[in-house]
Amino acid sequence: MITLQPPTWLEPRGYANGIMTEMNVGSRLVFVGGQIGWNGQQQFETDDFAEQVGQALQNIVAILGEAGAGPEHITRMTWYVRDKNEYMAALREVGRNYREIIGRHFPAMTAIEVADLIEDRARVEIEVTAVVPAAAP
């Protein structure tokens, strides 16, 4: 297994941002740990829900890039939101951010409302699984 860490990001404590493993057929599985709406320096730039989603998605793309993968390789996403009403109210802007960052690729998704997230300012946390075919770089 290989730990995925963009070189300019602060090191996480007690977890990995991403893990990649090669499968017997040459494909790679990539697991991106829950990403929240802070930047690579672990600083929040906004408390706006849709903007935090955008930052979390950018974080995901950066980690996938460390594995030679892109958004098109995502097979599963799980979204943890602190407030489903906030999520629903921001859906249009969330969709716009999603399409700008991920594109028109729609993997299997689950969204779950949770009581809280570990980081107090986090409004959303998104985790991803990706499969990179053997032919991909």
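The values are calculated or read from the model by the stated rules, or taken from the named source; none is laboratory data. A quick note: this is a predicted structure, and the numbers were derived from the prediction, not measured. Cβ coordinates were reconstructed from backbone atoms using ideal geometry, including for glycine residues, and neighbour counts include every protein chain displayed.
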Quick check: is even one residue across region 47-61 within 12 Å of A130 (Cα to Cα) and out of contact with any Phe, Trp or Tyr (no Cβ under 8 Å at 6 or more places or on another chain)? yes
Select from region 6-28 the residues that are outside any loop (DSSP other than H, G, I, E, B) and more than 15 Å from the chain's Cα centre (by Cα) and write down the one among them that is nearest to V132 (Cα to Cα). R28
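Condition first: at pLDDT below 85 and aliphatic (A, V, I, L, M). Now tell me which residues in region 1-19 satisfy that.
M1, I2, A16, I19, listed by residue number.
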Does G95 meet the test of being out of contact with any strand residue (DSSP E or B) (no Cβ under 6 Å at 6 or more places or on another chain), crowded, with 16+ Cβ neighbours inside 10 Å and either aliphatic (A, V, I, L, M) or over 30 Å from V25 (Cβ atoms) (or both)? no
Only one of T46, T75 is surrounded by fewer than 21 Cβ atoms within 10 Å (Cβ to Cβ) and in contact with a strand residue (DSSP E or B) (Cβ under 9 Å, 6 or more places away or on another chain), namely T75
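Considering only region 36-49, state which residues are in a strand (DSSP E or B) and either farther than 16 Å from Y87 by Cβ or in contact with a Gly (Cβ under 6 Å, 6 or more places away or on another chain) (or both).
Hits for region 36-49 are W38, F44.
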